[in-house]
């Protein structure tokens, strides 16, 4: 067999392998697509998309390996070519497995409602781990000693971890915040010792909240994870708004309660952000005080920040209504003694009075 025939057969084998690869890819795509249509899960689509393109590469590499049998190549050179082909096959399989794993993590992340930040980190770590293993296998197949390399990488990783200790603490705390989901973007929260506001960003190193004064507070995730967090949007947005009212001891509690309840029910249909379901109610609590009868109106706000307008409007309505009804509103009076010429003169003797 002359050189021309050798290269002709080699090219023919290569082309046949490529055609077979294309045919198998199309066949598998058709069969797997039909199979995927019969299933409700989208997980099989992930596998199909990850495998359909590498099939051609695998058959092409197999064709190159087979074509080498028809070409006269020195043994020393052939060994390097075979190792190169094997390395490419391992590399291709590694990336395929990494793609499948990444797709599976993303699929279950969406299905379980896990945030994109968490699934993104999981995808990155899974890909990095699989590709690292693939590279180690390739180096071992190429005859490269990997033990010193692994030891060097371990020492380097330890040095980096020590240098970035605070940063890594914040990163892992951020992972906890994103995975456990005590807060979400858009929630109104209060962080002990830091402040309160709307969550506008949850990063790997820090979390940002925007205050009602339109300032941004940046909280390191480690501090956030160690702090007591009050989330005013969990389990849902509506919150109870207590409104305290005091009247004179001269008033009838039953009459006062009816007046307050009537005004609260009217307000629940007129004040923006105030809910009429559940309806507001009145309680004679905390009850008799030092100089007044104390009532509390309990109403519901659509969300935490609506309570400020509700309190503003409710106090105006209630005080106007109490005056219209002739209800006395008490206020404390201090007794002050002024010393003049060795004598003390009593300015006021009443302990409490009314309007």
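Some values worked out for this structure:
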item: Unique residue being part of a helix (DSSP H, G or I), at pLDDT 70 or above and more than 30 Å from residue 12 (Cα to Cα) when the list is 103, 84, 63; result: 103
item: Test: residue in segment 278-291 that is crowded, with 20+ Cβ neighbours inside 10 Å and in contact with a strand residue (DSSP E or B) (Cβ under 8 Å, 6 or more places away or on another chain); result: yes
item: Residue in segment 188-202 that is under 19 Å from residue 172 (Cα atoms), surrounded by fewer than 18 Cβ atoms within 10 Å (Cβ to Cβ) and not assigned by TED's automatic domain parsing to the domain that holds residue 303 present; result: yes
item: Filter pass, residue 241 being at pLDDT 90 or above and part of a strand (DSSP E or B); result: yes
item: Strands (runs of 3 or more DSSP E) completely within segment 163-236 that count 3 or more residues being under 30 Å from residue 125 (Cα atoms) and touching a helix residue (DSSP H, G or I) at 6+ places or on another chain (Cβ under 8 Å); result: none
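Each row is one residue, and each column tells you yes or no for (1) in contact (Cβ under 8 Å) with a residue 24 or more places away in the chain; (2) more than 16 Å from the chain's Cα centre (by Cα).
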| residue | (1), (2) |
| --- | --- |
| 216 | no, yes |
| 219 | yes, no |
| 224 | yes, no |
| 237 | yes, yes |
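Table: residues versus (1) in the same structural domain as residue 256 (by TED's automatic domain parsing); (2) over 32 Å from the mean Cα position of the chain (by Cα); (3) free of Cβ contacts under 8 Å to residues at least 40 places away in the same chain.
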residue: 271; (1), (2), (3): yes, yes, no
residue: 283; (1), (2), (3): yes, yes, yes
residue: 288; (1), (2), (3): yes, yes, yes
residue: 296; (1), (2), (3): yes, yes, no
residue: 303; (1), (2), (3): yes, no, no
residue: 307; (1), (2), (3): yes, no, no
residue: 315; (1), (2), (3): yes, yes, no
residue: 321; (1), (2), (3): yes, yes, no
residue: 337; (1), (2), (3): no, yes, yes
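The values are calculated or read from the model by the stated rules, or taken from the named source; none is laboratory data. Just so we're clear, the structure is a prediction, and the values are computed from it rather than from any experiment. When we count neighbours, we look across all protein chains shown, and the Cβ atoms used for this are built from the backbone with ideal geometry, even at glycine.
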